[in-house]
1. Out of curiosity, is A214 in contact (Cβ under 8 Å) with a residue 40 or more places away in the chain, in a helix (DSSP H, G or I), out of contact with any Lys or Arg (no Cβ under 6 Å at 6 or more places or on another chain) and under 28 Å from S242 (Cα atoms)?
2. Is it fair to say L50 is buried (at least 21 other Cβ atoms within 10 Å of the Cβ) and either more than 28 Å from R18 (Cα to Cα) or out of contact with any Lys or Arg (no Cβ under 9 Å at 6 or more places or on another chain) (or both)?
3. Quick one: in region 53-85, of everything that is of a type in the set (K, R) and under 16 Å from V105 (Cβ atoms), which residue is surrounded by the fewest Cβ atoms within 10 Å (Cβ to Cβ)?
4. Looking at region 50-78, which of its residues are touching a Leu at 6+ places or on another chain (Cβ under 9 Å), farther than 25 Å from H222 by Cβ and β-branched (V, I, T)?
5. Report the residue count in region 105-162 for those that are of a type in the set (G, A, S) and surrounded by fewer than 17 Cβ atoms within 10 Å (Cβ to Cβ).
Amino acid sequence: MPNTARSSDHRDYQRVPRVVTAMARDEEHGVTGTPHSHERAQLLYATQGLMRVRTDAGMWVLPPRRALWIPPGVVHHWTALSKVTMRTIYIAPDAARAFGDQCRVIEVSTLLRELILALLDEPIEYAIPGRGEYLAMLILSELAAAETVPIAIPWPRDRRLVAICSAIMDDPGSSRNIEQWADEVGASARTLIRLFPKETGLHYRQWVQQVHLAEAFNRLAHGQSIGEIATALGYASPSAFSVMFRRILGKTPQHYLTEWRQPLTQRPA
């Protein structure tokens, strides 16, 4: 049996005889994990830093206080967009079924964060009954009540949309409209307008706004001002960008900046 005293290898946590296990791992800016999947579900979470996660179905950017639910067996890989303090949990497949079979971003409450950190203070094979077991059950309860956050960049399969989406990801501030993209990829604008919701679940403009949110999180994490971000993404003014941001996420960019600069507690992450 592997030594799981505090391994940072995800493989060491998949068959531990406990419903919930927790792993701590720190990564430097720019590090990318290899594509992999888990026998267990994963709540991919970092108390500090910014991560980008990719699957065949889409892409997510995770700022602090947000985590990605990844069901068992889903192949994914992540990139640290800044220095990251990853504090992730793995949940046995039977218990994970209650939380769905699709990746989604959830809001990490103060309580859920503290429960995850507390479980990391316990042995990997915590006593049953005992404090570790109680923490694990509370984590499942808090996860069940967690709010889903509408941050996602669903990825298409149609080659024409892939070409468009890849170009937008490379240049999020591009001002090209659907008609201009149609000329470039050899399809009518009407065809592209129909394909976007069919392939991604989002209309073209909605998909672009998700890319803008992801890019905004990245730029906020690296110290750019809201004005600089609005200009880089092609918005007429900082207020126009903030209106879009708040309409989708219910919070302003300034709110996120305040969150990141003020830790939830003085407890070490």
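1. yes
2. Considered against the rule, which asks whether it is buried (at least 21 other Cβ atoms within 10 Å of the Cβ) and either more than 28 Å from R18 (Cα to Cα) or out of contact with any Lys or Arg (no Cβ under 9 Å at 6 or more places or on another chain) (or both), L50 comes out as yes.
3. Ranking the qualifying residues of region 53-85, first place goes to R54.
4. I70
5. 6
Since every read-out is calculated from the coordinates, none of them should be taken as a lab result. The shown structure was predicted, so the numbers you read here are calculated from the model rather than taken from an experiment. Counting neighbours? That spans all protein chains shown, and the Cβs are built from the backbone with ideal geometry, glycine included.
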